[in-house]
Amino acid sequence: MSGKTQETLTVKTVASGAFTVTDLPPSTGTYTYKSSYTSAGYAPVAASHTVKVIAVKPALKLAVSARSVRPGTKVTVTATLGAPHVNRTLIIYMQAKAARRR
């Protein structure tokens, strides 16, 4: 299947009566797959199964080249995003802490 929210496919069974389709749900949510068979020689039959697609929380690691530096010193920040990590946008921002008063 193409990942659409609704699609109808016509398939032919193999000798055992089985058939297979593969789907890639487009987003999180609940999807119901329905199958039916109608023939002049048999009573109609239908079956369905529901699949819940959940959001996966990827792992995120953040590392810095140094925890303490002098003003103007370069700090390298490296972020590593776990699966699914291909073609994702990761935002890294810096926020200065308020200076302590003495």
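The values are calculated or read from the model by the stated rules, or taken from the named source; none is laboratory data. Quantities reported herein were computed from a predicted structural model and do not represent experimental measurements. Quick reminder, even Gly has a Cβ in these numbers, built from the backbone with ideal geometry, and neighbours come from all protein chains shown.
If we keep just the residues of the stretch 71-82 that are in a loop (DSSP other than H, G, I, E, B) and either touching a helix residue (DSSP H, G or I) at 6+ places or on another chain (Cβ under 6 Å) or of a type outside the set (A, V, I, L, M) (or both), which is nearest to residue 55 (Cα to Cα)? Write out each step before concluding.
Going residue by residue through the stretch 71-82, those that are in a loop (DSSP other than H, G, I, E, B) are 71-76, 82.
With either touching a helix residue (DSSP H, G or I) at 6+ places or on another chain (Cβ under 6 Å) or of a type outside the set (A, V, I, L, M) (or both) added as a condition, the list becomes 71-74, 76, 82.
On the way: 71: 41, 72: 41, 73: 39, 74: 36, 76: 31, 82: 14 Å.
Here the answer is 82.
Every residue in the stretch 36-70 that is part of a strand (DSSP E or B), hydrophobic (A, V, I, L, M, F, W, C) and closer than 30 Å to residue 94 by Cβ, please.
In the first step, residues of the stretch 36-70 are kept if they are part of a strand (DSSP E or B); the result is 36-39, 42-53, 60-64.
If we keep only those that are hydrophobic (A, V, I, L, M, F, W, C) as well, we get 43, 45-47, 51, 53, 60, 62-64.
Passing the criteria: 60, 62, 63, 64.
Do you know which residues across the stretch 40-63 are of a type outside the set (A, V, I, L, M, F, W, C) and farther than 26 Å from residue 77 by Cβ?
Taking the stretch 40-63 first, the residues of a type outside the set (A, V, I, L, M, F, W, C) are 41-42, 44, 48-50, 52, 57-58, 61.
Answer for the stretch 40-63, where residues must be of a type outside the set (A, V, I, L, M, F, W, C) and farther than 26 Å from residue 77 by Cβ: 41, 42, 44, 48, 49, 50, 52.
Could you grab the pairs with beta carbons closer than 6 Å, sequence gap of 6+ or different chains, first residue in the stretch 76-96 and surrounded by 10 or more Cβ atoms within 10 Å (Cβ to Cβ), second one among the β-branched types (Val, Ile, Thr) and not in a loop (DSSP other than H, G, I, E, B)?
Between residues of the stretch 76-96 that are surrounded by 10 or more Cβ atoms within 10 Å (Cβ to Cβ) and residues that are among the β-branched types (Val, Ile, Thr) and not in a loop (DSSP other than H, G, I, E, B), the close pairs are 77/64.
Given the conditions (1) among the aliphatic types (A, V, I, L, M); (2) modelled with pLDDT of 85 or more; (3) under 29 Å from residue 57 (Cβ atoms), report the number of the one that residue 1 does not fulfil.
The one condition residue 1 does not meet is (2).
Which condition from (1) surrounded by fewer than 10 Cβ atoms within 10 Å (Cβ to Cβ); (2) at positive phi is the one that residue 29 breaks?
Every condition holds for residue 29 apart from (1).
A quick yes/no check of all residues on (1) of a type in the set (Lys, Arg); (2) in contact with a Ser or Thr (Cβ under 7 Å, 6 or more places away or on another chain):
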{"residue": "57", "(1), (2)": "yes, no"}
{"residue": "63", "(1), (2)": "no, yes"}
{"residue": "73", "(1), (2)": "no, no"}
{"residue": "78", "(1), (2)": "no, no"}
{"residue": "81", "(1), (2)": "no, no"}
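Restricting the search to the stretch 32-47, which residues are farther than 16 Å from residue 8 by Cβ, of a type outside the set (Gly, Ala, Ser) and loosely packed, with under 10 Cβ neighbours inside 10 Å?
Of the stretch 32-47, the ones farther than 16 Å from residue 8 by Cβ are 39-45.
This time we only want the ones that are of a type outside the set (Gly, Ala, Ser), so: 42, 44-45.
Within the stretch 32-47, 42, 44 qualify.
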